[in-house]
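Values quoted throughout were computed directly from the atomic coordinates according to the rules given, and no laboratory measurement underlies them. As the structure is a computational prediction, the values presented were derived from the model and not from experiment. Heads up, the Cβs are rebuilt from the backbone with ideal geometry, glycines too, and the neighbour counts pull from every protein chain shown.
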Amino acid sequence: MQKQSIETLKTIQKKYESQLKQIPEVEGLGIGRSSSGEFCLRVYAKKKSPNLEQLIPQKLEGVRVEIKEVGEMVAFETSL
């Protein structure tokens, strides 16, 4: 995928991130590779469920969306 396409994915991610994070199970959003190897938007969820799969579209603006179960994410402070 070309750099321009990555920039497009970043724009789409930014556009939908706050909307998707309103769903209680959603922990975050990122860019990754789908199971078929193409770039996609990844929705990181505490727990994957049929209800969550109904709330999150399979594509956003023509870009594939995949849900990845990650459990609850906790930020840690580092002292670098």
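The table below lists the values:
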quantity	calculated
R0 of 25 Å, Cβ-Cβ distance K48-V74: FRET efficiency to nearest 0.05	0.85
Zone of L55's modelled label, taken as backbone nitrogen in segment 3-32 under 15 Å from a point 7 Å along Cα→Cβ	17-29
Inter-label distance for S18 and E66, nm, one decimal - labels placed 7 Å from Cα along Cα-to-Cβ	2.9
Nearest-20 debye value, the chain charge dipole, Cβ charges on Lys, Arg, Asp, Glu	200
